[in-house]
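Down below is the structure, laid out as structure tokens.
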Amino acid sequence: MRKLLAAIVMTAAMSSAVFAEDTVFADFEGNDYGAWKTSGTAFGDGPAHGTLPNQMTVSGYKGRGLVNSYRGGDNSVGVLTSPEFQIAKPYINFLIGGGGHNDTVMELLVEGKAMRSARGENVNPGGSEVLRPEFWDVSELNGKKAVIRITDRHTGGWGHINVDHIVFSDSPATRFTDCTRAVTVDASKPYLWVPIKNGGEKFRVELFDGSKPIHYFDAELATTADADWQGTLNLAPYAGKNLRITVKKYPEDGTGFAAISMNAAPYSTPQDYRETRRAQFHFQPRHGWNNDPNGLCFFKGEWHLFFQYNPYGRNWGNMHWGHAVSKDLVHWRELDVALYQDESGMMFSGSAAIDRNNTAGFGNNAQVLIYTATGGGSTQCLAYSLDGRNYTKYAGNPVVGNITAGNRDPKIFWHQPSGQWVLVLYINQDGYHTIGIFNSPNLKDWTRTGTIRGDKSGQGNFLYECPDLFELPVDGGPETRWVVFGASGAYAVGTFDGKTFTAEAERLPAYADAVAYYAAQSFSDAPDGRRILVPWMHLEGEASFNQGMGLPQELGLKRTAAGIRLTHTPARELAKLRDGDAVPFENFSGELVEAIVDCRIRDGETVGFKFRGIPVSYDSKTGTLAADSVRVTWPITDGQLKLTVYLDRVGMEIFSADGLNCLPLAKVAPNPANVKIETENAAGMIENRNRAYRLNRIW
Ligand code: FRU
């Protein structure tokens, strides 16, 4: 008896265990439809593997196969029918996307009658071809025989349907829902925090003031309580107002939308600026992603650094202009976002200048920003500020319309000799990377006067994106030349009369190895006519921040045997970082390093150093410098090796003392325990004056 009872209990336990598991009815992972029958052409002979030719990107399906009736485009029609099955579980869960028409539909047929149906939506917010979880409650049909029929009889727009992962289950799939919340902006808590889960699905978050849209952004809005960090939006301009936040198609059981909160300060943690992989004397935004420096400008006693910025993700997206200021070019204070993306699109790269003669009518000495807006073509737009804190977009934007697709990254400056503004703009024209030259009396009305041609697009990147053009003295003056470059830094030297640039030499490499830098720009209106460059440096961060800027570099021109060449010297302000006097390498101990290599190498010798374990060596036989995993040509004369090496917690930059060579390394990250500088083959050196400063952190 006991034995029998035990057997019954076991069977019950086993069957309930089986009962609790989902049954995958169809996953469409095979090469054909198996027992499913198809007619017409829309479904082809078997499941699609993702997106079909000419279709927008399909996502949200499981595995590699799915039903996709875009075979032959929207105009093809067909039907796909499952084998018969018996309904034994209360829910049928599936993923569905594509057309939302009556005749792009998936149905559950019992005795030939459609008992349930589902369709796509034509346009899903996350991208029109995203398959979304759906379910049918079929509990009342328990025990019935049924088939699933997928029909595409629609021709024209959204004339297709996508289906995947049909599962019989005891519980419904999580559905997506449109969310709305009201928030009252209390002046003492104006900062909206948005929980971000890195790598999660992106949702478009929209804010409204009444019916007026005021902000939008795409964020990996957390759906569970384990957000990695929070993106911040300052709503102080709306203090006292009732705003509405919406997110469409958010998981019904998601917790992140409700967790969006109002706070007294921007999102911060005690770890900020002290994170293991946070550069300690290079600028990096506190949170989010940055790329290009923008609007570099000295204004009212401050260096302004704007930058391509995603406040809501650690990857590229939502391009805003982030903003930081410095009184000394070394210590930076991050401010609120200066330019938000808006109905004109994202705020792409651009520049700034002080309008000393109030030519634009924005006010005396207004700081004028010019940026590319990406909505409706790629247009050039102005914004201005009188205080360096609050930025107003010009109501008459754009000031330069779309010329060719993707023209962008305007750089403006006042050209004294011709008494007018000059704008240089990246334009992809006739298959070439070119820089268009424009003139204006007032920053608003622009006339194109010239073109500087770079490489054929696809074949080289000379003069691609982010142009800069400026004059520099040769060997300190009075003779001068003009320099032009694009984002790679490869440059031309020549003359410029306000309308036309005439090159003397071009395609000159700016850095010994340009991989770690990109899209460098120079400051406008710097005191004493200085020309200071800041590159974007690919410093990888951590969960809540990513990327950074290279050290500020003073530019110059030097006459060499090969011609006039650009020089890069670390800005003299960086000396402020030094903590005490320089010591010989062997006495050095510290995390943040400025090392001065100053020695003579015996003929044919190779000498080396390990800066906190990062190897840097010079081979006098080949005239090459090797640093970490990179080896570059690095000419020296009379065996004199003179370098300045900056080593941060992440990232390293090496400059030759004559400024003709610069090697940035973004990936190096020394072991925290190693705080020494070692010398290898000291016997290969004479006149060894090598010494190093310990540096302070800037945060
Ligand atoms: C260069 C660039 C620019 C563009 C910006 C967008 O890195 O592609 O041309 O304005 O980034 O973030």
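The values are calculated or read from the model by the stated rules, or taken from the named source; none is laboratory data. For clarity, every value in this text was computed on a predicted model and none was experimentally measured. Neighbour counts run over all protein chains shown; Cβ positions are idealised from the backbone, glycine included. Remember, those area values only see protein heavy atoms, side chains included, never the ligands or the DNA or RNA. Shrake-Rupley method; radii C 1.70, N 1.55, O 1.52, S 1.80 Å.
Any residue that is surrounded by fewer than 23 Cβ atoms within 10 Å (Cβ to Cβ) and part of a loop (DSSP other than H, G, I, E, B) - is there at least one of those in region 288-299?
No, that holds for no residue.
Looking at region 41-70, which of its residues are more than 34 Å from the chain's Cα centre (by Cα) and either outside any loop (DSSP other than H, G, I, E, B) or surrounded by 21 or more Cβ atoms within 10 Å (Cβ to Cβ) (or both)?
The answer is A42, F43, G44, P47, S69.
Out of everything in region 321-342 that is out of contact with any helix residue (DSSP H, G or I) (no Cβ under 6 Å at 6 or more places or on another chain), more than 18 Å from L235 (Cα to Cα) and touching a residue at least 24 places away in the same chain (Cβ under 8 Å), what residue ends up being farthest from the ligand (Cβ to nearest atom)?
Going through the qualifying residues, I end up with K327.
If L305 satisfies every condition in (1) on the phi < 0 side of the Ramachandran plot; (2) at pLDDT below 95; (3) touching a strand residue (DSSP E or B) at 6+ places or on another chain (Cβ under 6 Å) but one, which is the exception?
(2)
For a quick check of your reading of the model, give me the residue pairs whose first member lies in region 601-623 and is among the charged types (D, E, K, R), whose second is assigned to a loop (DSSP other than H, G, I, E, B) and open to solvent by 60 Å² or more (accessible area, probe 1.4 Å), with beta-carbon atoms closer than 8 Å and at least 6 apart or on different chains.
E605/N681; K610/K676; R612/N671; R612/K676
Only one of (1) without any contact (Cβ under 8 Å) to a residue 40 or more places away in the chain; (2) more than 16 Å from the ligand (Cβ to nearest atom); (3) surrounded by 24 or more Cβ atoms within 10 Å (Cβ to Cβ) fails for F283. Which number is that?
Unmet for F283, out of (1) without any contact (Cβ under 8 Å) to a residue 40 or more places away in the chain; (2) more than 16 Å from the ligand (Cβ to nearest atom); (3) surrounded by 24 or more Cβ atoms within 10 Å (Cβ to Cβ): (1).
Here are some residues: F348, F362, F307. Which one is open to solvent by less than 30 Å² (accessible area, probe 1.4 Å), within 17 Å of the chain's Cα centre (by Cα) and either of a type outside the set (V, I, T) or under 24 Å from H415 (Cα atoms) (or both)?
F307
Out of the residues in region 504-525 that are of a type in the set (A, V, I, L, M, F, W, C) and either on the phi > 0 side of the Ramachandran plot or part of a loop (DSSP other than H, G, I, E, B) (or both), state the one that is surrounded by the most Cβ atoms within 10 Å (Cβ to Cβ).
Going through the qualifying residues, I end up with F523.
Given the structure, is S76 open to solvent by less than 50 Å² (accessible area, probe 1.4 Å), among the polar types (S, T, N, Q) and under 18 Å from E29 (Cβ atoms)?
Against the criterion (open to solvent by less than 50 Å² (accessible area, probe 1.4 Å), among the polar types (S, T, N, Q) and under 18 Å from E29 (Cβ atoms)), S76 does not qualify.
Just a yes or no: is a residue in region 360-374 more than 16 Å from the ligand (Cβ to nearest atom) and touching a Pro at 6+ places or on another chain (Cβ under 9 Å)?
no
For region 375-387, which positions are open to solvent by 10 Å² or more (accessible area, probe 1.4 Å), within 16 Å of the ligand (Cβ to nearest atom) and part of a strand (DSSP E or B)?
T379
Could you check, for region 85-105, whether at least one of its residues is part of a strand (DSSP E or B), in contact with a helix residue (DSSP H, G or I) (Cβ under 9 Å, 6 or more places away or on another chain) and within 30 Å of K202 (Cα to Cα)?
Looking through region 85-105, at least one residue is part of a strand (DSSP E or B), in contact with a helix residue (DSSP H, G or I) (Cβ under 9 Å, 6 or more places away or on another chain) and within 30 Å of K202 (Cα to Cα).
Sort through D579, D528 and tell me the only one that's open to solvent by 40 Å² or more (accessible area, probe 1.4 Å), without any contact (Cβ under 8 Å) to a residue 24 or more places away in the chain and of a type in the set (D, E).
Checking each option against the conditions leaves just D528.
Can you tell me which residue is nearest to the ligand (Cβ to nearest atom) among those in region 343-359 that are free of Cβ contacts under 8 Å to residues at least 40 places away in the same chain and in a loop (DSSP other than H, G, I, E, B)?
So, considering only residues that are free of Cβ contacts under 8 Å to residues at least 40 places away in the same chain and in a loop (DSSP other than H, G, I, E, B), the one nearest to the ligand (Cβ to nearest atom) is M346.
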